[in-house]
Amino acid sequence: MIFDTHAHYDDEAFDADREELLAAMNENGICNIVNVGASMDSTKASVELSKKYDFMYTSVGVHPNETGELTENDMDILRKLSEDKKVVAIGEIGLDYHFLEPDKDIQKKWFRKQLDVAAETGLPVIIHSRDAANDTMSILKEYQGKLSGGVIHCYSYSLEMAKEYIKMGYYIGIGGVVTFKNAKKLIEVAENISLDKIVLETDCPYLSPEPNRGKRNDSTNLHYVVKKISELKGISEEEIIKQTYKNAIDLYKLN
Ligand code: NI
């Protein structure tokens, strides 16, 4: 069964049918979901949601574009929340220079502060990085040896950089984008990195794979992502599902 390592079911896009959708995950071949925090509010909502479903875990953290109003007290709240047994990671944290809101220095400051929380708590990290390849790499280099691994979520950079992250102990998160016709770079990455370094993710409600591109995404669409990776790598869908499940268990230390 498929492990969705990155979803946002607390999003209002699921308000109308969240319960039915989540209740049907198992029969649709989805065994586990990590619901990812992206702001202080969504982090709190995510922790609550994870308590309702045995198969759901959560992360706590603030997306770079949401860091403008953060305070030290928020870091203490993250530390406190991370003691809950359903919390398996710190994230999503990182840098997003696509939208320069807030500015780079503020984003970097709170990226490092949240990496400090990860180092203290021993939880792996979920990294969001968009149009910020070099700064993300150099900050994560500062933390080499201090963190308990993590995932570069919705990976969008070069094959060379993916190999560097793998050397540093990170997993590469691949989702719906790999099915897009214009996804040349990500296809090259998926083809060339080892299957034992890939985890599957939706980032739902965003980034639906073909043939559902543009519609609301949910974890059941991961079957299309599995099919695509299977074709790219010449490995059976069954094997893709089995290995990426093992990888997710290892990433989030669920053994
Ligand atoms: Ni996300």
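All of the numbers you see were taken from the coordinates with simple rules; none came from a lab. Source: prediction; values computed, not measured. All Cβ positions, even for glycine, are placed from backbone atoms using ideal geometry, and neighbour counts span all protein chains on display.
For every other residue with a beta carbon closer than 15 angstrom to the beta carbon of LEU159, add +1 if it is Lys or Arg and -1 if Asp or Glu, then tell me the sum.
Working: positive: LYS163, LYS167, LYS184, LYS185, LYS197, LYS233; negative: GLU160, GLU164, GLU188, GLU191.
Residues close to LEU159 contribute a combined charge of +2.
Starting from the Cα gyration tensor of the stretch 16-171, take the square roots of the eigenvalues, sort them a ≥ b ≥ c, and report rounded, prolate or oblate (rounded when a/c is under 1.5, otherwise prolate if a/b is larger than b/c, else oblate).
Working: a/c = 1.66, a/b = 1.38, b/c = 1.21.
In terms of gyration-tensor shape, prolate.
When the Cα centres of the stretch 195-230 and the stretch 43-116 are compared, how far apart do they sit, in Å?
23
What spacing in nm lies between the two simple spin-label points modelled at SER194 and GLU20, each 7 Å away from Cα in the Cβ direction?
4.4
What pairs from LYS108/LYS184; LYS86/LYS113; LYS163/LYS184; LYS163/LYS215; LYS163/LYS233 go past 20 Å between their alpha carbons?
Values: LYS108/LYS184 29 Å; LYS86/LYS113 22 Å; LYS163/LYS184 17 Å; LYS163/LYS215 32 Å; LYS163/LYS233 17 Å.
In this structure, LYS108/LYS184; LYS86/LYS113; LYS163/LYS215 exceed 20 Å between Cα atoms.
Please get the size of the charge dipole for the chain, origin at its Cα centre, with Cβ charges of +1 on Lys and Arg and -1 on Asp and Glu, quoted in debye to the nearest 20. If you can, show how the numbers build up before the last one.
Details: 31 positive and 43 negative charges, 160 e Å.
Result for the chain is approximately 760 debye, rounded to the nearest 20.
Give the calculated FRET efficiency between GLU239 and ASN212 to the nearest 0.05, with a Förster radius of 25 Å applied to their Cβ-Cβ distance.
Working: r = 24 Å, r/R0 = 0.96.
Here the calculated transfer efficiency is 0.55.
Arrange ASP74, ASP10, ASP103 by Cβ neighbour counts within 10 Å, fewest through most, would you?
ASP103, ASP74, ASP10
Only counting other Cβ atoms within 10 Å, I'd like TYR143, TYR9, TYR157 sorted with the fewest neighbours first. Present the calculation step by step, with values, prior to reporting the outcome.
Details: TYR143 17, TYR9 26, TYR157 22.
Exposure proxy ranking, most exposed first: TYR143, TYR157, TYR9.
Per the helix-only calculation at 222 nm, which mean residue ellipticity applies to the chain, given -39500 (n - 2.57) for every DSSP H run of n ≥ 4 and division by its residues, nearest 500 deg cm²/dmol? Could the numbers behind the result be given before it?
Values: 9 runs with 102 residues, N = 255.
For the chain, the value works out to -12000 deg cm²/dmol.
Which whole DSSP H helices in the chain pass both tests: a Cα extent of 15 Å or more along the axis and a mean Kyte-Doolittle value no lower than -0.5? If you can, show how the numbers build up before the last one.
Working: long enough: 40-52 (19 Å, -0.78); 104-121 (26 Å, -1.13); 222-233 (16 Å, 0.00); 237-251 (21 Å, -0.78).
Qualifying helices, which must be both long enough and hydrophobic enough, are 222-233.
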